[in-house]
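Down below is the structure, laid out as structure tokens.
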Amino acid sequence: MVLSEGIRRHGFRKWYERELLSSHGHLALSFVCAVALLGAFEAASEFADWPDRLLDAVSIVVSGAIGAWAIRRYLYLLMHAEHAANQADCPQCGVYARFTLVEGRSGRAGDTAVVRCRECAHQWSIEA
């Protein structure tokens, strides 16, 4: 989810929690794909006829591709959430994640949220 839209809908803490849960869901998917990959390699060593070997080869390629995609998505979502969380401290008073969204901008360069601290009313931008 886009940072500014997530802050607008749920608040920063809920957005951060959702990003981490989504990230770890992809990690679980990559673990399932690793188990499927090991099972497909085991099955490939058992069968001698060509249709079964072809099915095993397709299973190996598909589970490997899905696992690689899932681990890349896991790392992207985790780093995206951590990058935004590292900017969630108010530069003036140091309060963490207690701000309101003033303006959200999305563009080619990325998503930027201009926020205002609830404690001291200082404004700064968080880049995703």
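On the basis of being surrounded by 13 or more Cβ atoms within 10 Å (Cβ to Cβ) and under 26 Å from Leu101 (Cβ atoms), does His26 make the cut?
Working: surrounded by 13 or more Cβ atoms within 10 Å (Cβ to Cβ): yes; under 26 Å from Leu101 (Cβ atoms): no.
No: the conditions fail for His26.
Specify the residue that is farthest from Val2 (Cα to Cα); the eligible residues are those in the stretch 88-128 that are among the hydrophobic types (A, V, I, L, M, F, W, C) and without any contact (Cβ under 8 Å) to a residue 12 or more places away in the chain.
Ala121
Throughout, read-outs are computed from the coordinates displayed, never taken from laboratory work. As the structure is a prediction and not an experimental result, all values here were calculated from the model. Cβ coordinates were reconstructed from backbone atoms using ideal geometry, including for glycine residues, and neighbour counts include every protein chain displayed.
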